[in-house]
Amino acid sequence: DSGVTQTPKHLITATGQRVTLRCSPRSGDLSVYWYQQSLDQGLQFLIQYYNGEERAKGNILERFSAQQFPDLHSELNLSSLELGDSALYFCASSDNSGRAGNEQFFGPGTRLTVL
Amino acid sequence: QKEVEQDPGPLSVPEGAIVSLNCTYSNSAFQYFMWYRQYSRKGPELLMYTYSSGNKEDGRFTAQVDKSSKYISLFIRDSQPSDSATYLCAMSDGGAGSYQLTFGKGTKLSVIP
């Protein structure tokens, strides 16, 4: 168990809908990263938050957004869903304290299926 | 050319064999290197983390980094059926305080009893 929790485990929804994925980082970790894993693209970085502020953005679609709350949990919002958004979504956390502190620990993921 | 290349396998070995997994990369700014193990439908589990060239050993696992050749390896000694999983290499440049990871596509390993 990595100490990172994600809910829900599975999500099935229809095209055009909006969903929210939730992540709680390991105790003490200030950074949350979101990744998308699909069969064709592999694991791809979406966005990072550090202590409530956006720190870095990757290949995140404009239909997707995220935030990190004062208690450090994070939510990833996906809207106007398309079939191609079906994937596993992972969050990872780290304490971001430099060379020896940036290992990322992954949660169990949320499997999103868009029908 | 992708930033990180990893042979997807699948790789099938008998129990007890030495397994060698490799990744090459093109971005010379990468300075942090990780290996993750992912069982089917689970989250990636961190196995090894290094930030310098050379070898790092942890039990049956040895990670090797050659920054001059832009090449990293993971060796698994005395492989066990429980090692059957997908192995992902990942790397980061640590720029602007972000350690976002760039992953290889993963190598699927099967260890046959």
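The values are calculated or read from the model by the stated rules, or taken from the named source; none is laboratory data. Please read all numbers here as calculations on a predicted model, not as lab measurements. Cβ sites come from the backbone with ideal geometry, for glycine too, and all protein chains shown count toward neighbours. Accessible surface is based on the protein model in full, side chains and every heavy atom, while ligands, DNA and RNA are left aside. Shrake-Rupley method; radii C 1.70, N 1.55, O 1.52, S 1.80 Å.
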- [ ] Filter the stretch A:47-65 for residues that are within 23 Å of B:Met91 (Cα to Cα) and either open to solvent by less than 30 Å² (accessible area, probe 1.4 Å) or in a loop (DSSP other than H, G, I, E, B) (or both) and give the result.
- [x] A:Ile47, A:Gln48, A:Tyr49, A:Asn51, A:Ala56, A:Gly58, A:Asn59, A:Ile60, A:Leu61
Open item on the list: Can you find a residue that is at the interface with chain B (Cβ under 9 Å from one of its Cβ atoms), crowded, with 17+ Cβ neighbours inside 10 Å and at pLDDT 95 or above anywhere in the stretch A:1-22?
Closed with: yes
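Across the stretch B:75-100, which residue is modelled with the lowest pLDDT among those that are within 9 Å of chain A (Cβ to nearest Cβ) and open to solvent by less than 10 Å² (accessible area, probe 1.4 Å)?
Filtering first and then ranking leaves B:Ser98.
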Open item on the list: Looking at A:Gln44 and the list (1) surrounded by fewer than 22 Cβ atoms within 10 Å (Cβ to Cβ); (2) part of a strand (DSSP E or B); (3) away from chain B (no Cβ under 11 Å), which single condition is not satisfied?
Closed with: (3)
- [ ] Give just the number: which of (1) touching a helix residue (DSSP H, G or I) at 6+ places or on another chain (Cβ under 9 Å); (2) hydrophobic (A, V, I, L, M, F, W, C); (3) in contact (Cβ under 8 Å) with a residue 60 or more places away in the chain does A:Phe105 not satisfy?
- [x] (1)
- [ ] All but one of (1) closer than 18 Å to A:Arg26 by Cα; (2) surrounded by fewer than 20 Cβ atoms within 10 Å (Cβ to Cβ) hold for A:Ser86, so report the exception by its number.
- [x] (1)
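Taking the criterion of being aromatic (Phe, Trp, Tyr) and farther than 30 Å from A:Pro8 by Cβ, would at least one residue in the stretch B:101-109 satisfy it?
no
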Task: Residue check for A:Arg111: in contact with a helix residue (DSSP H, G or I) (Cβ under 7 Å, 6 or more places away or on another chain), part of a strand (DSSP E or B) and within 14 Å of another protein chain (Cβ to nearest Cβ) - done: no
TODO: Kindly list, by first and then second residue, each pair from a residue in the stretch A:69-94 that is farther than 23 Å from A:Ala14 by Cα and without any contact (Cβ under 8 Å) to a residue 24 or more places away in the chain to a residue that is open to solvent by 10 Å² or more (accessible area, probe 1.4 Å) and part of a strand (DSSP E or B), limited to pairs with Cβ atoms under 9 Å and residues at least 6 apart or on different chains.
DONE: A:Phe69/A:Glu75; A:Asp71/A:Ser24
TODO: Exactly one condition in (1) of a type in the set (A, V, I, L, M); (2) more than 14 Å from chain A (Cβ to nearest Cβ); (3) open to solvent by less than 40 Å² (accessible area, probe 1.4 Å) is not met by B:Ile112; state its number.
DONE: (3)
Task: Flag for A:Ser94 being buried (at least 19 other Cβ atoms within 10 Å of the Cβ) and modelled with pLDDT under 95 - done: yes
TODO: Evaluate the stretch A:24-41: report whether one residue or more is under 25 Å from B:Gly97 (Cβ atoms), modelled with pLDDT of 95 or more, part of a strand (DSSP E or B) and open to solvent by 80 Å² or more (accessible area, probe 1.4 Å).
DONE: no
TODO: Would you check if there is a residue in the stretch B:47-58 being more than 7 Å from chain A (Cβ to nearest Cβ) and among the aromatic types (Phe, Trp, Tyr)?
DONE: no
TODO: Output the residues belonging to the stretch B:53-64 that are at pLDDT 95 or above and either of a type in the set (Val, Ile, Thr) or touching an Asp or Glu at 6+ places or on another chain (Cβ under 9 Å) (or both).
DONE: B:Arg60, B:Thr62, B:Ala63
Open item on the list: Exactly one condition in (1) under 10 Å from the mean Cα position of the chain (by Cα); (2) closer than 21 Å to A:Asn102 by Cα is false for A:Asn51; which is it?
Closed with: (1)
